[in-house]
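Enquirer: This is the structure I have questions about; it appears just below.
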Amino acid sequence: MEALDCLYDDMKLTSTPDFFYVESAYEPQEVLVIDKKTSKASVVYEKNYVDPKLSYRPVCGILGTIRLLSGNYLIVATHRIQVGDINKQEIFQLASYDILPYSAPSSLADAQQLEDDNRYMKMVKSVLSTPFIYFSYEYDLTHTMQRLYNTSPEFIQMPMAKRADPRFMWNGHMLQEFNDPQFQRFVLPIMLGFVSINECNINGKMFTWTLISRRSIQRAGPRLFMRGIDHRGHVANYVETEQIVEYNGSRSSFVQTRGSIPLFWSQLPNLKYKPRPRLNPEEDHMAACRLHMSEQTRMYGEQVLVNLIDQTGSEEALETAYRNAINQLSDPAVRYESFDFHSECRNLKWHRLDVLIDRLDHEQDKFSYFLLGRNGALGSQQTGTFRTNCIDCLDRTNVVQSMLARRSLDSVLKRFNILESSDNVKLHDNFEPLFKMVWADNADYISVQYSGTGALKTDFTRTGKRTKLGLLKDGYNSMCRYYKNNFSDGFRQDAIDLFLGHYKVKDGEGVTIPCPLRKDKDWKYITFPSVLLIAISMFFASVIFPSEYSTEILLYLLFWGAMIGSTLAIIFKYGKEFVDYPRLRELNAGPIRLSSSGNAFPF
């Protein structure tokens, strides 16, 4: 008999005009029934409840429901890719999904309302299509091994969706209608981030090396629209990264975190390549920072805050304010370590990073890592973590985290007698390239999820040195980031807010109440780009078409060149009016609802 907390993996979904029926594909004993008219769900415990003559479609999980203008929708996982096993439990990546209407699309009030509904649907699809979403029917991906070890047997017996860490469960809002225990075997919690599971061989000994990065739903959003901290102590781009080693029944885990500087600051896009970060002088930085650090020490123990931002230029004010806040906090469990990455490693002096690691090594040895022997005996627990950040918590952060992870891995493999005391993974050509590739992939996918492009500096992570090809790739990614941050990330922010329930579609939007998607742009949004396009066209026409050049042609060139320059100057002066800003909520305002409640888990 299956365990009560085990989820159904392969299911059959039957749809009739009035109901959805979902049942296990193997020996169905219970059926999830959803009434399409009332939206009520229940479970019927009866074999052969669904007429076997009805056609069905295979699904591999219920991801939740969402309401749009045209009504309610059921979201299901339809295909999956097996990534590997952790503790002999299968881990999957979401490969495809479907969004099924409860009823046939109703005739909305007008074409504009239909357009609004289509835009909402595109938002939901954009989040579900973000690389990558993961899940498991047995292993709780949202918790670290140490957190799971320190919980009670009663907690382990809870339904998967109930015991998942709400910080990292991305469909928590959409599963609200399935909170009752009767639905526990049908609903599938999902995690956004990165998972890589690898079978490795060093010195003839096989072990499994896994890297998991979990993106938080708290203060979630794209790069320039979501910075700093909120009043609950939640920071932008917060990611928990866990490195796991399994060998002959023994398991180890090493955890790090990253997150935006825990102060109230912003860097809103304004068409400039790099908007200047701005601290908000009106906010109580200390209160929010204290909340964040209190949560960090409660969840992870002692903290070493590794700050990699520039200590001069536009980032200097942030570094000074962060340092002063931690000094004022005076928490003996929190230490601040600043390292000006760009200055120290200027002119490709990447060996300077060893200086930073040397300054952290004694604390890393003290913090240790979680280790559970094959007989279930506890070997050690991790008592503190490194919380690393740069301005984006992407490129520089990932480089340093990979170095700390390599150092921990050396220690673990020596403890498992896979490495000799004088050995290290760098010396093994059959493993070191894999280590670099996985950490570079981690950088790329976390970066895609936050900034819209792959990470910068991954040539160093992949090869151990900076290359000309890497510099060219960084230039391309920087240009792509510029475009997306200015002209498409408002849509991405709205999509995340809709998906997480920070904004809920209201009945009558666009008819009895205004639809926030219909915010009109200022007249300058159309006028000046149009003038710029005409000026550029006329300038090049004056260059290309004349058979010979005269004073008149020169005057044309000067005039249209001046028009191009003056129009560009005006566009950049009013830069924010040309940016794709979010429409579903005010920037930097607290979300309408944030699923952050739940039990406290010791690390």
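The values are calculated or read from the model by the stated rules, or taken from the named source; none is laboratory data. Keep in mind that this is a model prediction, so the values were computed, not measured. Cβ sites come from the backbone with ideal geometry, for glycine too, and all protein chains shown count toward neighbours. To get the accessible areas, we keep the full protein, side chains included, count just its heavy atoms, and leave off ligands, DNA and RNA. Shrake-Rupley method; radii C 1.70, N 1.55, O 1.52, S 1.80 Å.
Enquirer: Have a look at Asn237, Phe20, Trp350 and report the one farthest towards the positive end of the charge dipole of the chain, computed about the Cα centre with Cβ charges (Lys/Arg +1, Asp/Glu -1).
Expert: Farthest towards the positive pole: Trp350.
Enquirer: I'd like to check one number: the per residue accessible area of the chain, probe 1.4 Å, reported in Å² as a whole number.
Expert: 44
Enquirer: Give me the number: length gained by fully extending Tyr49 to Asn201, i.e. 0.36 nm times residue separation minus the C-alpha to C-alpha distance, one decimal in nm.
Expert: Full-extension gain reported as 49.7 nm.
Enquirer: So which chymotrypsin sites (Phe, Trp or Tyr not before Pro) in region 1-72 are both in a DSSP loop and have at most 13 other Cβ atoms within 10 Å of their Cβ? Provide the component values of the computation, followed by the final result.
Expert: Values: sites: Tyr8, Phe19, Phe20, Tyr21, Tyr26, Tyr45, Tyr49, Tyr56; in loops: Tyr8, Tyr26, Tyr45, Tyr49, Tyr56.
Those satisfying the criteria are Tyr26, Tyr45.
Enquirer: About the Cα centre of the chain, how large is the charge dipole given +1 on each Lys and Arg Cβ and -1 on each Asp and Glu Cβ? Please answer in debye to the nearest 20.
Expert: On the way: 69 positive and 70 negative charges, 172 e Å.
Value, rounded to 20: 820 debye.
Enquirer: Share of the chain's accessible area from carbon and sulfur, percent, 1.4 Å?
Expert: Carbon and sulfur together cover 54 percent of it.
Enquirer: Roughly how many Å is it from the Cα centre of region 110-131 to that of region 463-531, as a whole number?
Expert: Cα centroid of region 110-131 versus Cα centroid of region 463-531: 14 Å apart.
Enquirer: What full-extension length gain, to one decimal in nm, is calculated for Leu114 and Lys576 as 0.36 nm per residue of separation minus the Cα-Cα distance?
Expert: Extending this stretch completely gives an extra 163.5 nm.
Enquirer: Pop the C-beta distance of Ser537 and Glu316 into the FRET formula with R0 = 51 Å and round what comes out to the nearest 0.05.
Expert: That pair, Ser537 with Glu316, gives E of 0.75.
Enquirer: On to the next question. According to a simple spin-label model (label point 7 Å from Cα along Cα-to-Cβ), what is the distance in nm between Ser566 and Arg276?
Expert: Label at Arg276, label at Ser566, 2.7 nm between them.
Enquirer: Which of the helices in the chain, when you take each full DSSP H run, stretch at least 18 Å along the axis at their Cα atoms and have an average Kyte-Doolittle score of -0.5 or higher?
Expert: Length and hydropathy pass: 316-329, 432-451, 524-544, 551-573.
Enquirer: Right, here's the next one. Using a simple charge model, +1 on the beta-carbon of Lys and Arg, -1 on the beta-carbon of Asp and Glu, nothing else, what dipole does region 104-221 show about its Cα centre, in debye to the nearest 20?
Expert: Numbers: 12 positive and 11 negative charges, 101 e Å.
Here the size comes out at about 480 debye.
Enquirer: Only four residue types carry charge here, +1 at the Cβ of Lys and Arg and -1 at the Cβ of Asp and Glu. Report the dipole size of region 404-521 about the Cα centre in Debye, rounded to the nearest 20.
Expert: For region 404-521, the charge dipole is close to 340 debye.
Enquirer: To continue, here is another question. Rounded, prolate or oblate: which one fits region 1-90, using the alpha carbon gyration tensor with axes a ≥ b ≥ c (rounded when a/c is under 1.5, else prolate when a/b beats b/c, else oblate)?
Expert: Oblate.
Enquirer: Follow-up. Helix-derived [θ] at 222 nm for the chain: sum -39500 (n - 2.57) over DSSP H runs of at least 4, divide by residue count, nearest 500?
Expert: Per the formula, -10500 deg cm²/dmol.
Enquirer: Among Val438, Thr144, Leu108, flag the residue with its Cα farthest along the positive direction of the charge dipole of the chain, charges on Cβ as +1 for Lys/Arg and -1 for Asp/Glu.
Expert: With unit charges placed on the Cβ atoms, the residue in question is Val438.
Enquirer: Something else now. Output wanted: per-residue J couplings in Hz (rounded whole) for region 92-98, from phi through Karplus 6.51 cos²θ - 1.76 cosθ + 1.60, θ = phi - 60°, x for Gly and Pro.
Expert: Couplings: 10, 10, 5, 9, 7, 8, 9 Hz.
Enquirer: Measure out, as a whole number of angstrom, how far apart the alpha-carbon centroids of region 261-317 and region 167-182 sit.
Expert: If you average the Cα positions of each part, the centres end up 31 Å apart.
Enquirer: Another question, then. Quick one: longest stretch of the chain between exposed loop trypsin sites (Lys or Arg not before Pro), exposed meaning at most 13 other C-beta atoms within 10 Å and loop per DSSP? Could the numbers behind the result be given before it?
Expert: Details: sites that count: Lys37, Lys40, Lys47, Lys53, Lys88, Lys272, Lys349, Arg374, Lys465, Lys504, Lys519, Lys521, Arg593.
For trypsin sites (Lys or Arg not before Pro) (loop position, at most 13 other Cβ atoms within 10 Å), the longest site-free span of the chain is 89-271.
Enquirer: Follow-up question, since we're still on this one. If the limit is 19 Å between Cα atoms, which of Lys524/Lys573; Lys272/Lys484; Lys205/Lys414; Lys521/Lys576; Lys122/Lys274; Lys12/Lys36 go over it?
Expert: Lys122/Lys274
Enquirer: Pick out, in residue order, every one of the chymotrypsin sites (Phe, Trp or Tyr not before Pro) in region 477-547 that is DSSP loop and has at most 15 other C-beta atoms within 10 Å; say none if there are none.
Expert: Trp523
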